1. So, in the range 31-57, how many residues would count as being surrounded by 14 or more Cβ atoms within 10 Å (Cβ to Cβ) and in contact (Cβ under 8 Å) with a residue 24 or more places away in the chain?
2. Could you list all residues from the range 18-76 that are more than 11 Å from the chain's Cα centre (by Cα), away from the ligand (no atom under 16 Å from the Cβ) and assigned to a strand (DSSP E or B)?
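Readers should treat all values here as calculations from the given coordinates under stated rules, not as data from a laboratory. Keep in mind that what you see is a predicted model, and the values were worked out from it rather than measured. Note that each Cβ is placed from the backbone with ideal geometry, even for glycine, and that neighbours are counted across all protein chains shown.
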Amino acid sequence: MAQPSHARGESRPTQGVLIELPPIIRGRVLVTRGTFEVVVTCPKCGRLHRHRQPGIRRAPCNTTYLVRLGRKRVSA
Ligand SMILES: [Zn+2]
């Protein structure tokens with residue numbers, strides 16, 4: 001019963017794929033006429049940018065960031 005023991009160490013080529021995550025910006029919800037906008041302070045130009053939805057957005061100043069709503073966390 002000599003089973004050939006395979007070498008565990010499968011050498012996988014480590015791919016150096018670096019995904020650059022955009023900076024996370026907290027946005028404030030601005031309700032206007034039933035619809036809401038997300039207002040964020042741009043980390044690049046310092047201006048206020050408005051977006052329709054949170055998420056990965058691209059500012060007019062050619063900056064990409066991740067907009068999150070600054071809600072208070074409710075600890076259950
Ligand atoms: Zn900007």
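1. The number of residues fulfilling the criteria is 4.
2. V29, L30, V31, T32, T35, F36, L69 - these are the residues of the range 18-76 that are more than 11 Å from the chain's Cα centre (by Cα), away from the ligand (no atom under 16 Å from the Cβ) and assigned to a strand (DSSP E or B).
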